[in-house]
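Below is one structure, written out as structure tokens; the observations come after it.
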Amino acid sequence: MSDQVLLTTTVGSFGKPDYLQKARNANARGKLGEAELTELERRATEEWVRRQERLDLDILVDGEMYRGDMVAYFAERLEGFRLGGLVRSYGNRYYHKPIIASPVRRPKPMTVDWFRFTQSLTDRPVKGMLTGPYTLLDWSYNEAYRTRRDAALALAEVVRQEAEDLQAAGARYIQIDEPAIHARPEEIDIAIEAMGVVTQNLRAKTISHICYGDFAAIYPKVLDLPVDQLDLAMANYGYRWLELFDRDRFTKELAIGIVDVHSHQTESVATAAEGIRRGLRYVSKERLLPHPDCGLKTRTVEESEEKCRVVVEATKVVRSELARQATPAKTAR
Amino acid sequence: MKTTVIGAYPKISDEHQDLRRALHRHDRGELDAEGLSGVLDESTRWAIGELDWVGVDVINDGQLRWDDMLAPFARAWEGCDRGPLERFYDNNTYFRQPVITGPIATDGKTLVRDFEFARTVARGQLKAAVCGPLTFATLAEDRHYRSLWDRTLAVADAIASEIRGLGAAGATLVDVEEPALVAHPEHFAIARAAIERLAAAGVPLALQTYFFPADPLLDALTAFPVAQIGIDVRSRETHVLDKLSTLRQTVVLGIVDARNTRVETEGELVRTIEAALKRIPAEYLWLAPTTGLEYLPHDVAVQKLRSLVTAARAAGGVKA
């Protein structure tokens, strides 16, 4: 895989199979034990590893079969947090928004066992998946820390511990998502400082996913975020963020979203391939990674699979175009 | 000194999830539009009942039928479609971005039925609410108008028509929810021209600003032709409280933070109210949460309202 270009990947979550959704509901009502639920989560994870291999994705994820929400999952495992009542996110979607009630501490690793299990199932690399400190702060209520910076730096410390444990467990890619990074553009220095705490000792490739917000408001400043790769939703925005790169060169690896995740319909392979070609105008094929815009947890298993299929097919179309263009060079080698 | 609410009330609580279930059933085709509408009415009754029961003086209908602040208008107006999900300012809450595809037009009756229903339920004084024209215009994707000025004034004309409709249905006060004004103070001249068109509808207006500090706009706000101006003095760093005497309108002071779960103590709130009363007379002071309570879990929203009402009474302005 090392000489492959346009490595394909996904943002992290996939649709959960019906049996797992039912089991989670039963568990929430106290009608199914933790051990039984974990067994089903492992089964669903293995199914998703096989699907990703079958789809021929290059860099895999565990699919987050064991997570509901990307902030609540960590809030439930960190000391200092408690879960509040239901709050609406959009439409008819609600979540338990966490409350930082006292200083945070990580009693033990939160995702390392799932990483080990998933990586043991495949030879392809699996990404370690974490939520970044600024997003953990912004998507929680802060009752414990005097300032938002104080809270972000305290959260950065526990995310750093988790990221270093993932690296020690063998993770070659560690993704630290910051979808809230543009919530308050005037606070981007806090997000950058906090990410610096997380990644300071990492040798693994570091990635941060950013979506749903005014990316223009934080560009080019966001290039100072201390990660190797930015992972951006583009299809949902008609690729308009690419125009920003005309003015200020994009200097990181770019994981480019080429299919919208919030629609039941998926773009055609041709449309998705055009997205990759647009990305190639700004980022070299070695540094461009096609993927769906965002996590696929709001989609069904079949829809998730279809979106990934289109990503991989579109990538293969563009790879063969690139190979044709490069034929003379290849002969020379 | 009256207490009031602005914006949306939580649509469900951890215990009361009828609406959430009904919407799921509607999505699956198990509940028709009429059935869903019935549940929406029942949920509205529940929200209004709670606002009345806590003792808020001037309430709204809780906006339970609003998916987001722009949705009722984007759905009803000609020339508008609904586009992709977007983040609503600095909240982890999302809205469907309106897409303006042609000239905006409305019959002015978008909110009339819901207002009339709420009037049959509310015990106390009921006010209506509309989306601020600058907020709608800055959040929409525009494929028709040529400038922010043109777009905002076209939206303002449509909203003025909605306000006339509400006035004819008996509304005596309409909140104009305009976070864009404080998010983009540089557009205040456009916002003012738009609000002038709304004021021409002849119904008293309350211009509600929130999410961002109002400090840079305080002088400019005095010239807006509205009866009330809502200002958040709790959730962000601001010095507005010291300068309230600048304003000539009634001030709707946002004193409980509707975006944080820490419940303000009565002492804290009374101190804020007393500071405000040093600058403006009690007849010109209303008290409110900083924004819509839907950003809080239901149980905390109720606790915050209780604090608000208790503090208002303790500060002496409201007879229990």
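The values are calculated or read from the model by the stated rules, or taken from the named source; none is laboratory data. Treat the numbers as computed from the prediction; the structure is a model and nothing was measured. Backbone-built Cβ (ideal geometry, glycine too); neighbour counts: all protein chains shown. Accessible surface is based on the protein model in full, side chains and every heavy atom, while ligands, DNA and RNA are left aside. Shrake-Rupley method; radii C 1.70, N 1.55, O 1.52, S 1.80 Å.
Interface residues of the stretch A:127-155, defined as those losing at least 40 Å² of solvent-accessible heavy-atom surface relative to the isolated chain (probe radius 1.4 Å), are listed as A:Trp139, A:Tyr141, A:Glu143. Our summary gives chain A a relative contact order of 19 percent, counting only alpha carbon pairs under 8 angstrom and 6 or more residues apart. Summing Cβ point charges (Lys, Arg +1; Asp, Glu -1) relative to the Cα centre of the stretch A:1-132 gives a dipole of roughly 660 debye.
Oblate is the label for the stretch A:243-333, because a/c, from the alpha-carbon gyration tensor with a ≥ b ≥ c as root eigenvalues, is 1.5 or above and a/b does not exceed b/c. Scalar couplings 3J(HN,Hα) for the stretch A:239-255, obtained by applying the Karplus form with A = 6.51, B = -1.76, C = 1.60 to θ = phi - 60°, are 6, 5, 5, 4, 4, 4, 6, 5, 7, 10, 4, 7, 10, 10, 5, 10, 8 Hz; x denotes Gly and Pro.
Dipole check for the stretch A:5-60: with +1 at the C-beta of Lys and Arg, -1 at the C-beta of Asp and Glu, and the Cα centre as origin, the magnitude is about 300 Debye. Across peptide B:79-92, the mean count of Cβ atoms from other chains lying within 10 Å of each residue's own Cβ comes to 5.
Accessible area per residue for the stretch A:152-241, computed on protein heavy atoms with a 1.4 Å probe, is 29 Å². Computed over the stretch B:52-115, relative contact order equals 30 percent, with contacts defined as Cα pairs under 8 Å that lie 6+ residues apart.
Starting from the Cα of A:Lys316, draw a straight line to each of the aspartates and glutamates and keep only those under 16 Å, dropping any in the same chain fewer than 8 residues away. Leaving aside aspartates and glutamates fewer than 8 places away in the same chain, those within reach of A:Lys316 are A:Asp3, A:Glu53, A:Asp56, A:Asp58, A:Glu267, A:Glu274, A:Glu286, A:Glu306.
Taking amide H atoms as placed 1.01 Å from N in the peptide plane, the amide H of A:His209 lies under 5 Å from those of A:Ile176, A:Asp177, A:Glu178, A:Asp231, each 5 or more residues away in sequence or on another chain. When the protein assembly as shown is described by a simple charge dipole with +1 on each Lys and Arg Cβ and -1 on each Asp and Glu Cβ, the residue from B:Ala189, B:Asn92, A:Val198 located farthest towards its positive end is A:Val198. Inter-chain Cβ neighbour count for A:77-87, averaged per residue, equals 4 (cutoff 10 Å, partner chain atoms only). Only Cα pairs within less than 10 Å get springs; with that Gaussian network setup on chain A, which residue of A:Asp113, A:Asp56, A:Asp228 has the largest fluctuation? The residue with the greatest mean-square fluctuation here is A:Asp113. Do any of A:Lys31/B:Lys11; B:Lys2/B:Lys109; B:Lys2/B:Lys127; A:Lys252/A:Lys307; A:Lys31/A:Lys108; B:Lys11/B:Lys109 go past 18 Å between their Cα atoms, and which? Flagged as over cut-off: A:Lys31/B:Lys11; B:Lys2/B:Lys109; A:Lys252/A:Lys307; A:Lys31/A:Lys108; B:Lys11/B:Lys109.
Per-residue mean of foreign Cβ neighbours for A:92-104 is 3 (Cβ atoms of other chains, 10 Å radius). Springs between Cα atoms under 10 Å define the GNM used for chain A, and in it the highest mean-square fluctuation of A:Leu20, A:Leu254, A:Leu232 occurs at A:Leu20. Modelled this way, with points 7 Å down the Cα-to-C-beta line, the labels at A:Glu53 and A:Asp248 are 4.3 nm from one another. Across the stretch B:57-66, coupling constants 3J(HN,Hα) worked out from phi with the 6.51/-1.76/1.60 Karplus curve, θ = phi - 60°, read 6, 10, 10, 10, 8, x, 6, 5, 8, 8 Hz, and Gly and Pro carry x.
Using a 1.4 Å probe over the heavy atoms of the protein chains, calculate the carbon and sulfur portion of the accessible area of the stretch B:139-240 as a whole percent. Here carbon and sulfur together make up 50 percent of the probe-accessible area. The trypsin sites (Lys or Arg not before Pro) of the stretch B:100-189 that meet both conditions, a loop assignment by DSSP and at most 12 other Cβ atoms within 10 Å of the site Cβ, are B:Arg123, B:Arg143, B:Arg146. For the pair B and A, the buried accessible area comes to roughly 2600 Å² in total, with a 1.4 Å probe and the value rounded to the nearest 100. The loop-placed trypsin sites (Lys or Arg not before Pro) in the stretch A:245-322, going by DSSP, that have at most 12 neighbouring Cβ atoms within 10 Å of their Cβ come out as A:Arg249, A:Arg281. A simple spin-label model places the labels of A:Arg277 and A:Leu322 1.5 nm from each other, with each point 7 Å out along Cα-to-Cβ. Each Lys or Arg adds one and each Asp or Glu takes one away; over the other residues whose Cβ falls under 9 Å from the Cβ of B:Tyr9, this sums to -2. Checking every one of the trypsin sites (Lys or Arg not before Pro) in the stretch A:142-205 against DSSP loop status and a limit of 11 other Cβ atoms within 10 Å picks out A:Arg146, A:Arg203. Between the listed residues A:Trp139, A:His182, A:Gln167, the Cα displaced farthest toward the positive end of the dipole of the stretch A:132-263, a dipole computed from Cβ unit charges relative to the Cα centre, is found at A:Gln167.
Rounded to the nearest 10 square angstrom, B:Trp46 shows an accessible area of 50 square angstrom against a 1.4 Å probe. The residues neighbouring B:Phe115, those whose beta-carbon lies less than 15 Å from its own, together hold a net charge of 0 under the Lys/Arg +1, Asp/Glu -1 convention. Counting only residues at least eight positions apart within a chain, or on another chain, the aspartates and glutamates with an alpha carbon under 17 Å from that of B:Lys278 are B:Asp242, B:Glu268. Here the 3J(HN,Hα) profile of the stretch B:215-220, calculated from phi with Karplus coefficients 6.51, -1.76 and 1.60 at θ = phi - 60°, is 3, x, 10, 4, 5, 4 Hz, Gly and Pro shown as x.
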